[in-house]
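Data block below; observations after.
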Amino acid sequence: MEPSRTEASDVTRAMAGDHDAFAALANANIDRLYALARVIVRDTDRAEDATQDALVRAWRELPRLRDPSRFQAWLRRLLVNACYDEGRRIRSRSEVVLLSDHHPAIQDDTSGVIDRDRLDRAFRRLPLEQRVVAVLNHVEGLTHEEIASTLGLPLGTVKSRMRYALAGLRSALEADDRVPMAARRRDIGGGRG
């Protein structure tokens, strides 16, 4: 996405140390950054911390940004790195849910709730690196090439992580299906005799 003239001007001025220009950039991006952080870390306090950390890093590192037209991708990368840091701080399993809270709610029936719960459990089982790639692809709508650029990874690594993420989700969902089936067999088998 090409930056607007206003954004490009604000980036250039902020790179030179203009606080007001950086404040305009931060205000224009904070809601999107926070929504993305919530999807990745699945905790409001940790999402706020990651967003704030990303913006502090952006202010500190902005003079070193090589290509002002890449500001959005660079800022997203700072946020993802801040989310990784949050995940490391809380060594208990980081929670990420592919189904994000910032999508409009639709009427939900019981099977929809069950499906979301199953997907949530499966998604939590993925390593953080795979979750981030899946979120950037499915929630942010980035292509594999854009993800590679954002994360500073080779394209093959992004494709591999996405492939493993999808395979991991599939395996976790299948495992979830087998547990109730085994429980039903025990219940049926246990009732005889």
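Nothing in this text is a laboratory measurement; each read-out follows from the coordinates by a stated rule. The structure displayed is predicted, hence computed values, not measured ones. All Cβ positions, even for glycine, are placed from backbone atoms using ideal geometry, and neighbour counts span all protein chains on display.
For this structure, a couple of remarks:
- A crude spin-label estimate for the pair Arg64 and Arg116, with each label 7 Å from Cα along the Cβ direction, gives 4.1 nm.
- Cα centre as origin, Lys/Arg/Asp/Glu Cβ charges: region 1-95 dipole, Debye: 420
- Using 0.36 nm per residue and subtracting the Cα-Cα separation, the extra length available between Ala175 and Thr44 on full extension is 44.2 nm.
- Packing-based order for 70-81, 150-161, 166-177, using average beta carbon neighbours within 10 Å, highest first: 70-81, 150-161, 166-177
- Considering only Ser69, Ile30, Gly17, the residue lying farthest towards the positive end of the dipole of region 1-95 is Ser69, judged by Cα position with unit charges set on Cβ.
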